[in-house]
1. What's the number of the condition residue 45 fails, among (1) within 19 Å of the chain's Cα centre (by Cα); (2) surrounded by 15 or more Cβ atoms within 10 Å (Cβ to Cβ); (3) farther than 18 Å from residue 251 by Cα?
2. Which one of 12, 82, 48 is without any contact (Cβ under 8 Å) to a residue 40 or more places away in the chain and either out of contact with any strand residue (DSSP E or B) (no Cβ under 9 Å at 6 or more places or on another chain) or in a helix (DSSP H, G or I) (or both)?
3. Name every residue in the range 171-198 that is farther than 21 Å from residue 106 by Cβ and either in the same structural domain as residue 47 (by TED's automatic domain parsing) or surrounded by 14 or more Cβ atoms within 10 Å (Cβ to Cβ) (or both), in order of residue number.
4. Determine whether residue 74 is outside any helix (DSSP H, G or I), assigned by TED's automatic domain parsing to the domain that holds residue 13 and either out of contact with any strand residue (DSSP E or B) (no Cβ under 9 Å at 6 or more places or on another chain) or without any contact (Cβ under 8 Å) to a residue 40 or more places away in the chain (or both).
5. Check whether at least one residue in the range 306-314 is in a helix (DSSP H, G or I), in contact (Cβ under 8 Å) with a residue 40 or more places away in the chain and out of contact with any strand residue (DSSP E or B) (no Cβ under 8 Å at 6 or more places or on another chain), and report yes or no.
6. Which of the numbered conditions does residue 130 fail, given that it passes all the others? Conditions: (1) under 23 Å from the mean Cα position of the chain (by Cα); (2) at pLDDT below 95; (3) surrounded by fewer than 21 Cβ atoms within 10 Å (Cβ to Cβ).
7. With respect to residue 370, determine if the residue is part of a loop (DSSP other than H, G, I, E, B) and surrounded by 15 or more Cβ atoms within 10 Å (Cβ to Cβ).
8. Tell me, please, whether a residue that is out of contact with any strand residue (DSSP E or B) (no Cβ under 6 Å at 6 or more places or on another chain), in a helix (DSSP H, G or I) and within 29 Å of residue 237 (Cβ to Cβ) can be found in the range 339-358.
């Protein structure tokens, strides 16, 4: 089934949307190996997601979007990752940002409406916040990218790293320090603006298809209203949408489980009678995989549902649970892939075997926000506050 055969915009239930995504994800799986080996970008996958209307699902209902829940969002993302993790993580940023902008309501209404209209027409967006000298933006470093007010415009200069999905992005949300003030602003920058360039620096062994290159900004001029938000570094609000990150790695782990079980059912060495799936040591590993995946699912899904049912005040207290879910699921995914490789044995290290790709891809979860050490520190503070 191709992208032209499905349309998420005309389907009214989550169950049917999940089924549509399972069909699309099968396409992604057929392309994943080639994208990984070439270190290319999954253009076909992203185009199918756009054509199917998936990229509009987190637009709010008042702008004719589906306004899907966080729970449904992470379920759909997980299924994408079962086909291709790089595609899932890439599109997850776009989807999550639209969800977050609606929930937080920090932009001027006219600018958010402007963005929603363009996303409905197929535009893609991601933030560009990381820089070589600041590390992860969650660590609180002040950007070296600078914005200067000139007449009725802003002029922006700087370099951003890890700009995921850069080959196809239409808009960048760029953080920059504002000259002559202590403020840090988010600026909406259209791709076609003069001075916007992509430096193809992405050479990671994990998630090679995310196109997370550097964004170069050289005297980029945008109108004054494209300063869409002034950031507050202290007292950051909880971010439910970031659960798309562990959802991605959970999907990869499930793909590893599926492959390992299929292998175990088919592999029949002449040293035993029947397939290896009947061996007690293989059954033990499969059981461990299933237990770990069940634990990860209940944690991730439970926190997402809690977010959906909470008001703003309640959500502000969910930061520890969100971080704990990410830490648990990503580390569980690493463990599951390891167990799957133990089932398959040395063949899992072959370039042609998907398990070695899953092994490399799940490691990336350790370096997505929030980092494990920050989460543990947050939990320690949380447990001592009465």
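1. The one condition residue 45 does not meet is (3).
2. After ruling out the rest, the residue left standing is 12.
3. 191, 193, 195, 196, 198
4. Considered against the rule, which asks whether it is outside any helix (DSSP H, G or I), assigned by TED's automatic domain parsing to the domain that holds residue 13 and either out of contact with any strand residue (DSSP E or B) (no Cβ under 9 Å at 6 or more places or on another chain) or without any contact (Cβ under 8 Å) to a residue 40 or more places away in the chain (or both), residue 74 comes out as no.
5. Within the range 306-314, one or more residues are in a helix (DSSP H, G or I), in contact (Cβ under 8 Å) with a residue 40 or more places away in the chain and out of contact with any strand residue (DSSP E or B) (no Cβ under 8 Å at 6 or more places or on another chain).
6. Unmet for residue 130, out of (1) under 23 Å from the mean Cα position of the chain (by Cα); (2) at pLDDT below 95; (3) surrounded by fewer than 21 Cβ atoms within 10 Å (Cβ to Cβ): (3).
7. yes
8. Within the range 339-358, not a single residue is out of contact with any strand residue (DSSP E or B) (no Cβ under 6 Å at 6 or more places or on another chain), in a helix (DSSP H, G or I) and within 29 Å of residue 237 (Cβ to Cβ).
The values are calculated or read from the model by the stated rules, or taken from the named source; none is laboratory data. Since the structure is predicted, the reported quantities are computational estimates derived from the model, not experimental observations. Please note: Cβ atoms are built from the backbone with ideal geometry, for glycine as well, and neighbour counts cover all protein chains shown.
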